[in-house]
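Here's the structure, in structure tokens; my notes come after.
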Amino acid sequence: MAAGGAAAIPLATSLCPSTAQAASDQAPLNRFPRMVQEFFVQQLRQFENEHRRTLNKLETEDDARQYVQSVRRRCRQSFGQNPPKTPLAARVTARVERDAYRIENVIFESRPGFPVTANLYIPNQSSGPMPAVVGTCGHSHNGKAAEPYQAFAQGLARLGYVCLIFDPIGQGERLQYPDANLKSEIGVGVREHLYAGNQQFLIDEFFGNWRAWDGIRALDYLLTRPEVDPARIGVTGNSGGGTMTTWLCGLDDRWAMGAPSCFVSTFRRNLENELPQDTEQCPPDVFPLGLDHSDFLAAMAPKPVIILAKEQDFFDVRGAEETYQRLRRLYKLLGAEDNVALFVGPSGHGYSQENREAMYSWFNRTAGLTDQQTAGMFDGVLSTTGKLAYTTEPEITIEKDETLWCTEQGQVATLQGTQTIFDFTREKSQQLADARAQPRGKALRSALVDVLKLNLEGLAAPDYRNFAYLRAAGYPSKYAMGYTVAIEPGINAAVYRLTDTRWHARPPRDGKRAILYVAHLSSDAELRNEPMIRDLIESEPETPFFTIDVRGIGESLPGTSQPGTFHSPYGSDYFYAIHSVMLGRPYVGQKTFDVLRVLDWLESVGHTEIHIAGLGWGSLPATFAAVLSDRVQQVTLKNALTSYAAIAESKHYDWPLSTLLPGVLTRLDLPDCYAELTSKQLKQIDPKGA
């Protein structure tokens, strides 16, 4: 099953006979479906405003140069450290001769045991070292053999460039989850990217850095070839390849020119347009680091870069225009305003001919090539002078996929000694477990606050609103009172208080003890159908019973990013979980903060001794809050995750990104929390593995 696909842990479905019909007739309450979306939009607008203020403060060439150095450091900080460079172990497995160029099918290792399959296009006629280009592929099933990617590689070769185009992880010949028939068990491209990338966060790895590292090693390979001029190497790609082109511009200073196509916009535009993207397209901590798409290209300044966009693309062309204007101002301060340009093609998403021709024209200008294909000036290119010699695309002949295979059967899985990305994840998880302490007490709480990215200082009791009593058909009480507790600006937790008498005001002060149930997906639904709730009430019939919907479920389950896609790998639950990674605040950390603030609220209404219970996904914030709060005296968990290591070390897992905690296995694991909670009468019911 793909990450996040189908309900990861199904809610208990057994119902009391008298309440079953009422429950089945009612959709779960969902009164605030845009709350999470608007919270993130507000966060990004604040970061973008600060970003704009920073750029507007640049007034001199020295300011601009310092800014470029700063973004280079911050880009690397976001992506994490690179692994050591190891031998490429490069080999040519086949050669294909064509009239104006030859194709060498190449395999090199970006990491030991991690082969990269690539096609090297080399012009037949040359008077010396030639300019070269690393080509990065978008989301094609067949990777480097896809028609638009073959087209630009052939076009560049016919124009006098060496071009190396390689398969992305999870595409073409590099499936990471192949079955016996060498087909993906997960789904080619997006599905494999999400599945491997989400899991990697647990061990403090970023899939985008793995993808970019392949591109850096591709550049290293080009530099071993005598046909290549090392001073004239560019990078280009479309869609997911446009992503990699953008990131590579920011992560390696050896590029002489860049041309990302159909990706560059702004993070805010993508969020406001509710556009989901792959794990590698969402760098960690990118917002607090003050980075936007423009900064990864600014890291190249003052070297030439052209942004290739499309009028009808889902990557908003307005963002491409905004990025261009930011870069133009920076380049102007550096005295190189002619070195940045924007081309907007008229059609929809794709590396279509007009975008490829804009790329050829830009690279020819940069590489200093004279070209018989040149005819007039390119229309639609925005730059200072507007002067760009137009280069038409040479004739293209698309090869069969098999012609471009670097392996006999078209998959690296058939090669001896090959490791998958999951093999690396499992191995690192085991290494971290061997090196990791087993924190307890103050050390555990400190580690938890760090990995959850919590700020718990100086918090007063939260304000709240009373709602009219809720419908309670099927609840284990006659009535229920609803409250929204103000967690932080833009975020409210939905809290229900069960009652057998009509109640329209603040909660009654009924003693110190209370039960707080943290829902899996919906308090409303689970009050009608979850046996655990009835068991808790029967065990303490006189104890006030509260439930909480943390952000992103139940009352605030998002109706955004294609409504109805909440559980899909690319749906709304993933959308806000990955934006939480970019925000530097893990989603499960935000949900834990919701629980902790509701515990503060409960204290303000007289409840200082809490029995906390959590189901499924809700067991995670319940566990973390129980460790961190002295008010929690008893803990009951049902369907709780056994350990994060179980996910990191399992090839197949069902827990979505919203439940995963980036970097957690570098500091602690869930068994550390469970051991700590034995002193709080921890009871586990039917725990779940990966």
Viscosity 1.306 mPa s, 10 °C: Kirkwood-radius Stokes-Einstein D of the chain over Cα pairs, µm²/s: 59
Mean-position separation - Cα centroids, the range 415-447 and the range 501-537, in angstrom: 38
Positive-end residue, the chain charge dipole about Cα centroid, Cβ charges, pick of Q681, F108, A309: Q681
Neighbour-count order for S127, S352, S522, fewest beta carbons within 10 angstrom listed first: S127, S352, S522
Dipole-positive endmost among L120, G237, H193 within the chain (Cβ charges, Cα centre): H193
DSSP-defined beta bridges in the range 61-428 - what % are antiparallel, rounded to 5: 50
Antiparallel bridge percentage (DSSP; both residues within the chain; nearest 5): 50
25 Å Cα-Cα threshold exceeded, pairs from K183/K400; K442/K591; K442/K651; K591/K638; K57/K332; K85/K428: K442/K651
Cross-link reach list, lysines versus K310, counting only Cα pairs under 21 Å and skipping chain neighbours closer than eight places: K387
Ratio of the Cα radius of gyration of the range 436-685 to 2.2 N^0.38 Å, where N counts its residues: 0.96
Listed peptides 60-69, 669-678 by packing density, highest first (mean Cβ within 10 Å): 669-678, 60-69
Residues W362, W655, W503 arranged by fewest to most Cβ contacts within 10 Å: W503, W655, W362
For the range 203-309: Kirkwood Rh in Å [reciprocal of mean 1/r, alpha carbons]: 14.4
Highest average packing first - 603-616, 531-544, 221-234, Cβ atoms within 10 Å: 603-616, 221-234, 531-544
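No lab work stands behind these numbers, since they all come straight from the coordinates. Model, not experiment: these values are computed from the prediction. Glycine gets a Cβ as well: all are built from the backbone with ideal geometry, and neighbour counts include every protein chain shown.
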